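Chemist: The structure is given below, and queries will be raised subsequently.
The values are calculated or read from the model by the stated rules, or taken from the named source; none is laboratory data. Quick caveat, the model's predicted, so the values are computed rather than measured. Don't worry about glycine lacking a Cβ; one is built from the backbone with ideal geometry, like all the others, and counts go over all protein chains shown. Accessible surface areas use protein heavy atoms only, side chains included; no ligands, DNA or RNA. Shrake-Rupley method; radii C 1.70, N 1.55, O 1.52, S 1.80 Å.
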Amino acid sequence: MSSGLEQLLPELQPWASYLLQWGEYYWPGQLTVTSVYRSSTKQAELYANRANNPFPVARPGTSYHEYRRAFDVVGPDAALAWLGRVWQSWGGTWGGGFQHADPIHFQA
């Protein structure tokens, strides 16, 4: 699985990689990393088009993606919930628990 996790801060890369390895073990071929680093320009584009996005989009300057501290993963709901619980147990934040749920989002 080509993930793009090398775009994360170096200290987060092994944790995110390990999480996805676990997910791949239980849900082989069903998980895809869709977004890691976003420039402020890209974040502004997503924010401007947020009405067409099924997931919440943070205002430019407030997204952890802009700071290389977040990644998005698509996959089965059960997989995302399980991965989210694991990520939280390691001290990360999972978007599935946000007020406006974002179950594909993982940040630290």
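Chemist: Determine, yes or no, whether Pro76 is in contact with a His (Cβ under 8 Å, 6 or more places away or on another chain), surrounded by fewer than 19 Cβ atoms within 10 Å (Cβ to Cβ) and not basic (Lys, Arg). Before you say what the answer is, go through the steps one by one.
Modeler: Numbers: in contact with a His (Cβ under 8 Å, 6 or more places away or on another chain): no; surrounded by fewer than 19 Cβ atoms within 10 Å (Cβ to Cβ): yes; not basic (Lys, Arg): yes.
No; evaluated as a whole, the condition is false for this residue.
Chemist: Let me ask something else. Can you tell which of Ala44, Ala51, Ala58 is free of Cβ contacts under 8 Å to residues at least 12 places away in the same chain and over 25 Å from Pro28 (Cα atoms)?
Modeler: Ala51
Chemist: Within the bounds of region 42-56, is there any residue that is open to solvent by less than 40 Å² (accessible area, probe 1.4 Å) and within 16 Å of Ile104 (Cα to Cα)?
Modeler: no
Chemist: For region 26-35, indicate whether the set of residues that are without any contact (Cβ under 8 Å) to a residue 40 or more places away in the chain and either in contact with a strand residue (DSSP E or B) (Cβ under 7 Å, 6 or more places away or on another chain) or β-branched (Val, Ile, Thr) (or both) is non-empty.
Modeler: Filtering region 26-35 for residues without any contact (Cβ under 8 Å) to a residue 40 or more places away in the chain gives 28-29, 35.
Add one more test, that the residue is either in contact with a strand residue (DSSP E or B) (Cβ under 7 Å, 6 or more places away or on another chain) or β-branched (Val, Ile, Thr) (or both), and what stays is 35.
Yes: one or more hits.
Chemist: Moving on. On the given criteria, is Gly61 crowded, with 16+ Cβ neighbours inside 10 Å and either modelled with pLDDT under 95 or among the small types (Gly, Ala, Ser) (or both)? Lay out the reasoning, then the answer.
Modeler: Details: crowded, with 16+ Cβ neighbours inside 10 Å: no; either modelled with pLDDT under 95 or among the small types (Gly, Ala, Ser) (or both): yes.
Criteria not met by Gly61.
Chemist: While we're looking at this one, here's another question. Given Glu66, Glu11, Glu24, which one is at pLDDT 95 or above and more than 17 Å from Trp87 (Cβ to Cβ)?
Modeler: Of Glu66, Glu11, Glu24, the one residue that is at pLDDT 95 or above and more than 17 Å from Trp87 (Cβ to Cβ) is Glu66.
Chemist: Suppose we filter region 58-68 for residues that are under 12 Å from the mean Cα position of the chain (by Cα) and within 15 Å of Phe98 (Cβ to Cβ); how many remain?
Modeler: Final tally of qualifying residues: 3.
Chemist: Being closer than 22 Å to Leu9 by Cβ and either of a type in the set (Val, Ile, Thr) or modelled with pLDDT under 95 (or both) is the filter here; which residues of region 27-54 pass it?
Modeler: Within region 27-54, Thr32, Val33, Thr34, Val36, Thr41 qualify.
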